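See structure below.
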Amino acid sequence: AEVLQWLFWQMGGLGPMLGQNHHFTQYAPEKVPYAIDRYVKETNRLYGVLDRHLADRDFVAGDFSIADIAIAPWVRNLRTGYEAAELVGLDDFANIGPWVDRFAARPAVERGLNIPPRQ
């Protein structure tokens, strides 16, 4: 049940809100301050929810699960220098970075992140 809760949290909140954030901060033909502010704040709020939840666990639902696989690609950007696009920084979320590192260190994840092979 906890895995499904977090999976749906990603699908109904994190994914759509970060998608809007990326659209308005990077791709919209005109900068709309209200939209940028709204989605940056929501991104921060959602990252805060995840960060607090990860304070006492290694993975989102305790054990590694599809919830981690669904959430990590969105959040991983904080680790790869993409945070400027979202106007959000990793320093504000002490538990997310170590979780992303644990996620990325799994052998199958490492292999998956290398498709296609990095050059």
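Measure off 7 Å from each Cα along the Cα-to-Cβ vector at ASP92 and ARG45, then give the distance between these two points in nanometres to one decimal.
Between ASP92 and ARG45, the label points sit 1.3 nm apart.
For the pair ARG52/ASN114, report the inter-label distance in nm, with labels modelled 7 Å from Cα in the Cβ direction.
Spacing of the two 7 Å Cα→Cβ label points: 3.9 nm.
As an exercise, identify the trypsin sites (Lys or Arg not before Pro) in segment 1-76 lying in DSSP coil whose Cβ has no more than 13 other Cβ atoms within 10 Å.
LYS31, ARG57
With n ≥ 4 as the cut-off for DSSP H runs, can you work out [θ] at 222 nm for the chain, using -39500 (n - 2.57) per run divided by the number of residues, rounded to the nearest 500?
Mean residue ellipticity at 222 nm (helix-derived): -16500 deg cm²/dmol.
Quick note: the coordinates plus some simple rules give every number you see, no bench work behind them. Keep in mind the model is a prediction, meaning the values are calculated, not measured. As a convention, Cβ positions derive from the backbone with ideal geometry for all residues, glycine included, and neighbour counts pool all protein chains shown.
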